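Written out below as structure tokens is the structure these notes cover.
The values are calculated or read from the model by the stated rules, or taken from the named source; none is laboratory data. Given the structure is predicted, the values throughout are model-derived calculations rather than measurements. Reconstructed Cβ throughout: ideal geometry from the backbone, glycine too, with neighbour counts over all protein chains shown. Surface accessibility is based on the protein's heavy atoms, side chains included, excluding ligands, DNA and RNA. Shrake-Rupley method; radii C 1.70, N 1.55, O 1.52, S 1.80 Å.
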Amino acid sequence: MSHSASATTGSSTAAAAAAAGVRCKLHVGNLSRNVRNPHLREIFGTFGRLNSVELAVDRRVNLSKGFAFVAFESTKDAEQA
């Protein structure tokens, strides 16, 4: 499975958010259609505590649309991911 992640905040904004203790949400793209939430939790959970994992699913065929949002409790953990 290949994935790419980009923080939804800019680097200076991310630093300010880290100082304030604000969580950070990542957009993860290029996911296989057979990826499920437990896969993402297992992979990204190794970088730190997760607040949420939101996988976009095509409800007609019950398969991933190829992207997800992963929210970390710590901006530092999100930047490492």
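State the number of residues belonging to segment 58-73 that are open to solvent by less than 50 Å² (accessible area, probe 1.4 Å) and more than 12 Å from Lys25 (Cβ to Cβ). So the answer is 3. Among residues of segment 43-58 that are under 15 Å from Ser32 (Cβ atoms), those with a Cβ under 6 angstrom from a residue that is open to solvent by 40 Å² or more (accessible area, probe 1.4 Å), sequence gap 6+ or separate chain, pair up as Leu55/Asn37; Ala56/Lys65; Ala56/Phe67; Asp58/Lys65. When the strands (runs of 3 or more DSSP E) confined to the chain are screened for residues that are at pLDDT 95 or above, those reaching at least 1 such residues are found at 24-29, 50-58, 63-72.
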